[in-house]
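So the structure is just underneath, and the comments pick up after that.
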């Protein structure tokens, strides 16, 4: 596997379910991100982790709970979601090496449908 | 408040033509402006990026034009090909020593017709 992988690629869950999204990066990067992509809206940054520490929580509801056990893995735990949470959830990673290194590498995303 | 405004929402260009997508930003602290390309079923991928110390950057058929005074930047795709059909996102961020937060535009769905 190369780059950034995400599983599952598709997920349908009821509002009372608990599920988790997984992201793994094989690039040796130290920063990882969760984004939400909804139709006709800008990509919304949700969380940022640098060296396993959360450095950004963009006012995300507590029904989304991130976890970063190491620099290569990132999880998004979901519980009691709402239908408006249906979207494509993208994971990204980037090297954290100071000024001048910005490229974020995205995974293919998990298409989430909340019923 | 949308900090990066992108237009048009969709664009149809004939093969061989020039595709132009525009973005405008509000935050004068932004100092990095990338363009991402996204194909269906894939995540966005960096296409080309520019910093405000230059007015233009060219990579192959792709060119970014940057107008700092107008707070605008645009992507030009020369000799557009059907394989360029994708959704394009502009973005902007403030240098923060590796802790960058990209602010994205809403995207432009580009279709190149034969």
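Throughout, read-outs are computed from the coordinates displayed, never taken from laboratory work. It should be emphasised that the depicted structure is a prediction, and the values quoted were computed from it without experimental measurement. In this analysis, Cβ positions are derived from the backbone assuming ideal geometry, glycine residues included, and neighbour counts consider all displayed protein chains.
With a Förster radius of 25 Å, plug the Cβ-Cβ distance of residue B:22 and residue A:56 into 1/(1 + (r/R0)^6) and report the FRET value to the nearest 0.05. The pair residue B:22/residue A:56 has a calculated efficiency of 0.30. Taking a point 7 Å out from the Cα of residue B:101 in the direction of its Cβ, the residues of the range B:16-51 whose backbone N falls within less than 16 Å of it are B:26-32.
Order these peptides, B:77-83, A:34-40, by their mean beta-carbon neighbour count within 10 angstrom, highest first.
A:34-40, B:77-83
Relative contact order for chain B: 36 percent, from Cα pairs under 8 Å spaced at least 6 residues apart, divided by residue count. Find how many whole Å separate the alpha carbon centroid of the range B:45-94 from the alpha carbon centroid of the range A:59-83. Centre-to-centre (Cα) distance: 32 Å.
Report the full-extension gain for the segment residue B:29 to residue B:46: residue separation times 0.36 nm, less the Cα-Cα distance, to one decimal in nm. Each step should come with its number before you reach the end.
Working: separation 17, 0.36 × 17 = 6.12 nm, distance 2.13 nm.
Full-extension gain reported as 4.0 nm.
Averaged over peptide A:36-42, how many Cβ atoms belonging to another chain are found within 10 Å of each residue's Cβ?
Working: counts 0, 6, 0, 2, 3, 4, 14.
Per residue, the number of nearby Cβ atoms from other chains is 4 on average.
Could you tell me which of rounded, prolate or oblate describes the range A:25-69, using a ≥ b ≥ c as the square roots of the eigenvalues of the alpha-carbon gyration tensor, with rounded for a/c under 1.5 and, failing that, prolate when a/b is larger than b/c and oblate otherwise? Here the range A:25-69 falls in the oblate category. Averaged over residues, the count of other Cβ atoms within 10 Å places the peptides A:88-94, B:10-16, A:25-31 in the sequence A:88-94, A:25-31, B:10-16, highest first. Which value does Rg/Rh take for the protein assembly as shown over its C-alpha atoms, Rh per Kirkwood? Result: Rg/Rh = 0.97.
Averaged across the residues of B:31-42, what count of C-beta atoms belonging to other chains lies within 10 Å of each residue's C-beta? Display every interim value, and only then the final one.
Details: counts 1, 3, 0, 3, 0, 4, 0, 6, 1, 0, 5, 4.
Counting other chains' Cβ atoms within 10 Å and averaging over B:31-42 gives 2.
Counting only other chain Cβ atoms within 10 Å of each residue's Cβ, the peptide A:83-93 averages 1. Computed on the Cα atoms alone, the convex hull of chain B gives a volume of 105 cubic angstrom per residue. Using a simple spin-label model with pseudo-atoms 7 Å out from Cα toward Cβ, residue A:18 and residue B:5 lie 4.5 nm apart.
Quick check on the range A:1-106: take the gyration tensor over C-alpha atoms, sort the square-rooted eigenvalues as a ≥ b ≥ c, and tell me if it's rounded (a/c under 1.5), prolate or oblate. Please report the intermediate quantities before stating the final value.
Working: a/c = 1.76, a/b = 1.64, b/c = 1.07.
The shape class here is prolate.
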